[in-house]
Amino acid sequence: MRSRPVAILLPLLVLVAFSVLGALRGSFFSVFGDEGTYLAMAQSVSRDGDLMFGTADRERLERADGAGRQTVILQQTGKGISYSKPVVYPLLVAPFHRLVGDLGLVLFNALAMGAALALAFGVLRRQASSGEAWLTLWTFFGAGVLPAYLVWKMPDLFQVALATAGLSLALATVRGAPPTVPDLVDRLLASRWAPLVGGGLLGLLAALRYPNLLIALAPIAALGVSRRRHPMVLVAAGCLAALALVALCGWVLVGSINPYKESRASFNRETGYPVSSDDPGVREQFEARRATQSLTFRPELQPDVSAYSTGYFFVGRHTGLLFYFPAALVLLAAAVRRPDRVGLTLVAAAAAVAVFYLIWMPRNYFGGATFIGNRYFLAAYPLLLFAARRPLRGRALIATWSLGALVVVSAIVSVVETRDRDPGSQSHAYAGVFRLLPYESTALRIEGWRDRYWSGDLLRFVDPFAQVTENAFVLRAGDRPAEILLASRRQGPLLGLEVRANTDEAVLEVTDRRGRRTYPLPREGIVAVETAPPWRHHRFWWVPDLTYSSRTLRLAVRTPVGEPATVSFSYRGLRPAS
């Protein structure tokens with residue numbers, strides 16, 4: 001493979017593809033999940049010079065457009081009411097927000113990631129030619145989900161940048177020799193203070209999300225097994241100093257060194273925003289909201305849930321590495337094929353991050369309701385870049401980019417077809433190749449889900465193709481099949497559906513592991529649908545002490561000549577075959 005023309009063409013193709021996808025989804029201006037809180041924090045610092053939540057903050061939120069923009073997470077501390085997210089990111093992005101508004105967060109993330117990639121290029125170039133190093137680096141960044149996070153107005157991509165830059169500076173001494181004619185990047189990597197600065201960046205990374213401390217410990221362990229004691233001590237010192245500095249800033253600014261340990265909850269325009277801790281009703285307001293928030297950090301320790309989540313971690317429709325981080329699997333294979341002590345240490349650290357989330361919080365190992373792929377694993381991803389001793393070449397590059405291209409094209413097609421029905425963060429996964437992957441039955445929250453608890457069972461409508469009411473769901477002829485996750489304690493194969501149709505010609509098309517089957521539909525009556533045996537058996541969130549069996553079904557209404565038809569279905573549960 002000729003690296004120079006490919007190295008020029010790939011970035012252009014990736015930027016064009018993700019620009020098209022971002023424009024279709026409105027990613028530059030839409031707000032999902034925690035973005036609303038981080039935007040409000042950046043605005044509070046740039047406009048008010050603080051991170052406490054007061055009358056000015058409330059008025060800005062009440063004037064804001066869009067439901068996501070109006071939702072914030074607040075905490076009550078000894079100092080009063082403040083935002084409840086780590087203080088590092090809003091402090092750093094505030095000047096950019098002051099300069100260009102909300103898109104300042106996008107600009108900051110892009111600049112941080114660009115600087116981090118430049119440092120990583122300097123390390124990779126020590127082990128290969130410039131062309132090979134650039135191809136490996138661009139495969140790491142471009143053949144996967146990372147470009148989509150460029151427009152995510154929160155610190156997820158910044159965490160990747162911190163991890164990439166910190167690991168570059170910390171590990172430069174054990175990943176090849178500097179070139180004979182060094183440039184600015186090479187001189188930075190060779191500086192005696194590089195490990196200290198790298199450790200500081202990794203300390204900031206840990207302060208943004210505490211499990212990231214496992215990533216910060218990785219270069220310390222790698223330098224230890226390489227017997228590089230002096231840089232090891234500098235990395236550790238830089239990490240501890242950064243953690244202490246952030247804790248001090250949190251204490252001074254908001255009265256808390258850990259925003260996840262205080263009394264905290266989500267608020268929006270409908271619930272009202274508490275602005276004064278002197279109000280005797282504020283504590284009750286926090287406690288009432290906390291009851292709906294699942295803010296515990298106690299380990300779940302449910303082996304059956306963790307086992308299924310581990311499978312989804314690799315091949316899940318919304319979270320799996322296979323489609324969202326194809327380069328991760330290729331880099332992992334390269335690292336273990338020709339291992340060294342440094343590489344194995346970094347691989348072990350990446351595995352430790354995954355294991356932590358899969359055991360500690362297996363129902364939310366991927367990062368919450370709004371995400372693209374597994375955002376909790378994002379920061380650990382750069383560990384695999386430095387674990388491999390040699391650049392990616394030949395078939396590994398072709399396979400990674402071929403899969404990445406297939407995924408991006410599929411995502412664009414899905415968004416085009418479904419954005420009018422559901423413009424949310426998962427619109428890329430409702431059609432195309434993503435539908436070939438298993439749906440994450442263990443997941444507590446995936447944006448777009450609609451849960452119904454009918455007849456003691458769970459029905460989750462995992463795509464927007466069924467109109468779901470309080471007691472029934474409606475399918476229309478000509479629409480895409482609607483997929484349903486069905487979890488039940490009952491083992492019978494027959495699914496009872498009460499039907500109300502506006503025509504005598506409609507049939508129900510059912511697809512599952514048994515294949516595709518059709519059932520004639522009466523205008524009114526009961527239809528018994530035979531289902532495939534369930535292959536997932538684990539505990540669910542609404543009754544965590546009981547094991548439920550789950551299966552997925554795709555249901556569609558068809559008519560002989562494509563005539564319009566509308567059919568309402570009421571769920572009547574599973575029963576044994578007669």
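The values are calculated or read from the model by the stated rules, or taken from the named source; none is laboratory data. Since this is a predicted model, take the numbers as computed values, not measurements. Methodologically, a virtual Cβ is constructed for each residue, glycine included, from the backbone with ideal geometry; neighbour enumeration extends over all protein chains shown.
Looking across segment 457-475, the residues that are farther than 16 Å from residue 417 by Cα and of a type outside the set (A, V, I, L, M) come down to 457, 460, 461, 467, 469, 470, 471, 473. Is it the case, given these coordinates, that residue 134 is aromatic (Phe, Trp, Tyr), touching a residue at least 24 places away in the same chain (Cβ under 8 Å) and surrounded by fewer than 24 Cβ atoms within 10 Å (Cβ to Cβ)? Taking the combined requirement at face value, the residue satisfies it.
Going by what's in this entry, would residue 303 be described as out of contact with any Leu (no Cβ under 8 Å at 6 or more places or on another chain), under 19 Å from residue 444 (Cβ atoms) and modelled with pLDDT of 85 or more? Taking the combined requirement at face value, the residue satisfies it.
Of the residues making up segment 419-439, those that are free of Cβ contacts under 8 Å to residues at least 12 places away in the same chain and assigned to a loop (DSSP other than H, G, I, E, B) number 1. Annotation note: Cβ proximity below 6 Å between a residue of segment 35-56 that is free of Cβ contacts under 8 Å to residues at least 24 places away in the same chain and a residue that is assigned to a helix (DSSP H, G or I) and acidic (Asp, Glu) (sequence gap 6+ or interchain) occurs for 56/48.
Scanning segment 440-458 for residues that are out of contact with any Phe, Trp or Tyr (no Cβ under 6 Å at 6 or more places or on another chain) and either hydrophobic (A, V, I, L, M, F, W, C) or assigned to a strand (DSSP E or B) (or both) yields 443, 446, 449, 451, 452, 453, 457, 458. Here residue 562 does not qualify as more than 31 Å from the chain's Cα centre (by Cα), exposed (fewer than 12 other Cβ atoms within 10 Å of the Cβ), assigned to a strand (DSSP E or B) and not β-branched (Val, Ile, Thr).
Regarding segment 442-454, can at least one residue be identified that is over 24 Å from residue 19 (Cβ atoms), touching a strand residue (DSSP E or B) at 6+ places or on another chain (Cβ under 8 Å) and crowded, with 22+ Cβ neighbours inside 10 Å? Within segment 442-454, one or more residues are over 24 Å from residue 19 (Cβ atoms), touching a strand residue (DSSP E or B) at 6+ places or on another chain (Cβ under 8 Å) and crowded, with 22+ Cβ neighbours inside 10 Å. Select from segment 340-366 the residues that are without any contact (Cβ under 8 Å) to a residue 24 or more places away in the chain and either buried (at least 23 other Cβ atoms within 10 Å of the Cβ) or not aliphatic (A, V, I, L, M) (or both) and list them in ascending order. None; the set is empty. When the residues of segment 462-481 are filtered to those that are in a loop (DSSP other than H, G, I, E, B) and among the β-branched types (Val, Ile, Thr), the one that is nearest to residue 523 (Cα to Cα) is 469. Among the conditions (1) farther than 28 Å from residue 549 by Cβ; (2) among the charged types (D, E, K, R); (3) crowded, with 18+ Cβ neighbours inside 10 Å, residue 420 misses just one, which is (3). Can you confirm whether segment 58-70 contains a residue that is surrounded by 14 or more Cβ atoms within 10 Å (Cβ to Cβ) and in a loop (DSSP other than H, G, I, E, B)? Checking segment 58-70: at least one residue is surrounded by 14 or more Cβ atoms within 10 Å (Cβ to Cβ) and in a loop (DSSP other than H, G, I, E, B). The one condition from (1) assigned to a strand (DSSP E or B); (2) surrounded by 15 or more Cβ atoms within 10 Å (Cβ to Cβ); (3) touching a Ser or Thr at 6+ places or on another chain (Cβ under 6 Å); (4) not hydroxyl-bearing (Ser, Thr, Tyr) that residue 534 does not meet is (1). The set of residues in segment 367-406 that are among the charged types (D, E, K, R) and surrounded by 19 or more Cβ atoms within 10 Å (Cβ to Cβ) contains only 375. Per this entry, residue 518 is not counted among residues that are closer than 17 Å to residue 460 by Cβ and β-branched (Val, Ile, Thr).
Rundown of residues vs (1) of a type in the set (Gly, Ala, Ser); (2) surrounded by fewer than 17 Cβ atoms within 10 Å (Cβ to Cβ); (3) closer than 30 Å to residue 168 by Cα, yes/no style:
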position	(1), (2), (3)
203	yes, no, yes
228	no, no, yes
240	no, yes, yes
244	yes, yes, yes
275	no, no, no
